[in-house]
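First comes the structure, then the notes that go with it.
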Amino acid sequence: MSKVFEYYRQLAGAFGPSGREDAVRERIGGIAGAFCDDITTDALGNLICRRRGAGKKVLAAAHMDSTGMVATHIDRKGFLRFAAVGGLFKGDLINIQVRFENGTRGVVSYEEKTPFKDVGIEHMFLDIGAGNREEAEKRVRIGDFAVFDAPSFEQDGVLCGPYLDNRIGCAALLLAMEQLPETVENDLYFVFTVQEEVGLRGAGAAAFGVLPDYAIAVDVTDTGDLPKHKYPMDCHMGGGAAVKVLDRSVICSPEVRDVLEASAKELGLHTQREILQVGGTDTAALQKTGAGIRAGALSIPTRYIHSPSEMCAVSDVEAAAAILARAMQAF
Ligand code: CO
Ligand code: ZN
């Protein structure tokens with residue numbers, strides 16, 4: 001088992017939809033303690049791990065939260081209705097298992113009278129096997145959050161499982177922290193942010209607390225390597241870490257992009273350039289903090305993002321960690 005998979009399994013096993021990141025934060029804090037000088041948690045729940053140095057302030061960020069569901073209604077028969085927390089695709093939801101924070105399990109199904117092409121989340125329900133409303137209410141309250149309960153595997157250098165977005169980015173930050181030398185020149189902040197999936201809500205506050213000179217977000221990105229893909233994208237799984245040029249939320253600082261690419265080159269690592277035509281990342285929130293921060297991003301090419309079976313290459317995660325560790329010291 002690779003170290004990447006080991007960290008991923010530890011972090012993905014923790015319950016952590018947006019706004020409910022406590023369990024993930026606890027696990028990351030438990031690992032990070034050995035590699036940094038101090039750890040703080042801010043009012044929103046962002047975890048800030050610092051390696052002290054006298055030079056430039058450089059911040060790396062990965063979001064801890066995942067997409068999820070929230071219970072909105074329980075009917076007489078004990079079936080639950082739910083709303084999405086973050087972006088969910090209906091095709092990923094049918095007949096999958098979910099779990100609530102208190103361990104209650106259930107399966108998602110839909111009203112069969114609705115033609116499948118017209119099915120939306122409003123036609124879906126969650127079955128926890130309860131006989132009626134009273135029984136269901138003993139297990140779940142309106143406002144309780146749930147996440148996918150899905151298996152994961154590592155096979156021939158590829159990882160698959162739920163919530164690679166973005167526990168794999170968190171794992172990359174931890175792996176980068178481990179690689180730092182005994183003493184560092186720059187003042188380094190490894191920040192694990194909250195509520196990215198619902199609109200980049202945590203990263204800006206975390207960055208404001210630090211006001212770094214440079215910021216780098218680490219997250220997953222789409223790939224263009226699937227059969228008959230919807231749009232061309234020059235980024236493929238196993239092709240190396242991706243250096244973001246832009247996405248829908250941000251145009252990255254060329255200076256940060258250049259430092260990332262130069263660091264990779266010094267390490268003999270191939271990178272890809274990422275242009276993501278849908279979606280955004282914490283990079284946008286970091287960039288707009290305070291009077292503005294030079295920000296860029298390193299991405300892990302990932303297939304089936306936001307599904308219970310996301311897939312990425314171990315080598316891309318290892319490369320991202322190595323590039324991040326070097327780049328943070330290079331500014
Ligand atoms: Co996401
Ligand atoms: Zn993400």
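Read the figures in this text as sums done on the coordinates, not as results from a lab. All values derive from a computational prediction rather than experimental measurement. Heads up, the Cβs are rebuilt from the backbone with ideal geometry, glycines too, and the neighbour counts pull from every protein chain shown.
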Restricted to segment 239-294 and to residues being in contact with a Pro (Cβ under 9 Å, 6 or more places away or on another chain) and within 16 Å of ligand 2 (Cβ to nearest atom), the residue nearest to Val317 (Cα to Cα) is Ala241
Taking the residues in segment 111-165 that are more than 28 Å from the chain's Cα centre (by Cα) and acidic (Asp, Glu) as candidates, determine which candidate is surrounded by the fewest Cβ atoms within 10 Å (Cβ to Cβ). Asp118
Collect the residues in segment 85-100 that are farther than 16 Å from Ala136 by Cβ and among the charged types (D, E, K, R), keeping them in residue-number order. Lys90, Asp92
Of (1) within 16 Å of ligand 2 (Cβ to nearest atom); (2) part of a strand (DSSP E or B), Thr223 satisfies every one except (2)
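Per-residue answers, yes or no, for (1) under 20 Å from the mean Cα position of the chain (by Cα); (2) part of a strand (DSSP E or B); (3) at negative phi:
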| position | (1), (2), (3) |
| --- | --- |
| Glu255 | no, no, yes |
| Asp258 | no, no, yes |
| Glu261 | no, no, yes |
| Lys265 | no, no, yes |
| Leu269 | no, no, yes |
| Glu274 | yes, yes, yes |
| Thr283 | yes, no, yes |
| Leu286 | yes, no, yes |
Would you please name the residue that is surrounded by the most Cβ atoms within 10 Å (Cβ to Cβ), looking only at residues in segment 268-327 that are away from ligand 1 (no atom under 16 Å from the Cβ) and of a type in the set (D, E, K, R)? Asp316
Extreme residue, farthest from ligand 1 (Cβ to nearest atom), among residues of segment 187-199 that are closer than 16 Å to Leu59 by Cα and surrounded by 21 or more Cβ atoms within 10 Å (Cβ to Cβ): Leu188
Of everything in segment 288-331, what is of a type in the set (Ser, Thr, Tyr) and part of a strand (DSSP E or B)? Give them in sequence order. Ser299
How about segment 100-185: which strands (runs of 3 or more DSSP E) wholly inside it have at least 1 residues that are under 30 Å from Gly238 (Cβ atoms) and touching a strand residue (DSSP E or B) at 6+ places or on another chain (Cβ under 9 Å)? 145-148, 153-155, 158-161
Name the residues in segment 1-55 that are of a type in the set (D, E, K, R), touching a helix residue (DSSP H, G or I) at 6+ places or on another chain (Cβ under 9 Å) and part of a loop (DSSP other than H, G, I, E, B), would you? Asp42
Options Gly68, Gly45, Gly19; residue that is within 16 Å of ligand 2 (Cβ to nearest atom) and under 20 Å from Gly204 (Cα atoms): Gly19
With respect to the numbered conditions (1) more than 14 Å from ligand 1 (Cβ to nearest atom); (2) of a type outside the set (Lys, Arg); (3) touching a strand residue (DSSP E or B) at 6+ places or on another chain (Cβ under 9 Å); (4) under 30 Å from Asn95 (Cα atoms), which one is the sole condition not fulfilled by His229? (3)
Sort out which residues of segment 166-186 are among the β-branched types (Val, Ile, Thr) and either surrounded by fewer than 24 Cβ atoms within 10 Å (Cβ to Cβ) or more than 15 Å from ligand 1 (Cβ to nearest atom) (or both), and write them in order of number. Thr183, Val184
For the list (1) out of contact with any strand residue (DSSP E or B) (no Cβ under 6 Å at 6 or more places or on another chain); (2) surrounded by 15 or more Cβ atoms within 10 Å (Cβ to Cβ); (3) not in a loop (DSSP other than H, G, I, E, B), I need the number of the one condition that Leu59 fails. (1)
Lone qualifier among Ala84, Ala32, Ala60 - being within 14 Å of Leu174 (Cβ to Cβ) and either among the acidic types (Asp, Glu) or within 16 Å of ligand 2 (Cβ to nearest atom) (or both): Ala60
